[in-house]
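The structure appears right after this line, and notes come after that.
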Amino acid sequence: MNEQHLQKYYNIVNQLHDSTHGGFACRHPEKGDFTKLMPAKKHEQAAPEAKPASTRQQNLIEDENALPGVSVFSSLEELINTAKSCDRCRLCHTRKNVVTGMGILTPDVFVVGEGPGANEDEQGLPFVGRGGQYLDKWLDSIGLSRTTNCYIANIVKCRPPQNRDPMKDEIEACVGYLNQQIAFLKPKIIFACGRIAAQTLTGRTSALVALRQKIHSYQDIPLVITYHPAGVLRNPDLRRPVWEDLKFLKNLLEEMPKD
Ligand code: URA
């Protein structure tokens, strides 16, 4: 499918959303600005410029993905090593492990959750509890998995005590890690699960129901949204909308140029 066809597809999807939501409910690509929603072709992307360590130390916030007060990482490995000893927010005092992320380093889909729970904190890996097993089933139903074509990470890398929602300042302190992970891995699509991930990545405060079934954009990468697996385990009525969202994700992925 060429770019013209894709533009048509996006237009139809967007028009449908507009007609059901009384206006532009999400940021649509401008006419002629369509390529902004498409990931750059991998072979055309320049490798992130490696700067000498000394310059990096001094060069604060010169990259939009950087953490305020922290220099830009030159590799994912450096990012992970730094995050492992991070003390940028209060969650460092109660965590057992920093849960940076796991999966394929050239992912089709980058799955974003909220933050580690008890099992994840114990093991240092994302989505390994009951919710995680359920998430794996969702992904499997549309041909995705963390071992073949997905990367999984969270908005915050350390467990909030008693699984409370991460606080605004904790998200602000941490989200730069995620931004730079996305910039390194260059996924085709970002898939946000749950209200915290959806609101953080869209910058909106709307209820999740108003954010799903739309193609948003984050770092110029298409972003789609669904409920959180743990929430769906608690409320089986959400299973149908999740299935619709998974099909939405699958269709979008199928429309993307193959590598
Ligand atoms: N819930 C999340 O949002 N992320 C995890 O890693 C585990 C549970």
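Which of the residue pairs 168/214; 96/186; 186/247; 188/247; 137/214 have a Cα-Cα distance greater than 20 Å in the structure shown?
168/214; 96/186; 186/247; 137/214
Work out how much length residue 106 to residue 243 would gain on full extension: take 0.36 nm times their residue separation and subtract the Cα-Cα distance, in nm to one decimal.
Difference between extended and current length: 46.8 nm.
Provide the FRET efficiency to the nearest 0.05 for the residue 123-residue 93 pair, computing r from the beta carbons and using R0 = 22 Å.
With a Förster radius of 22 Å, E is 0.65.
On full extension of the chain, what length is gained from residue 210 through residue 81, given 0.36 nm per residue of separation minus the C-alpha to C-alpha distance?
Roughly 42.7 nm would be gained on extension.
Going by average Cβ neighbours within 10 Å, how do the peptides 152-162, 116-126, 199-209 rank, with the highest at the top?
In descending order of packing, they fall as 152-162, 116-126, 199-209.
Only the coordinates and a few stated rules stand behind these numbers; no lab work does. Note that the structure is a prediction, hence the values are computed from the model and not measured. Reconstructed Cβ throughout: ideal geometry from the backbone, glycine too, with neighbour counts over all protein chains shown.
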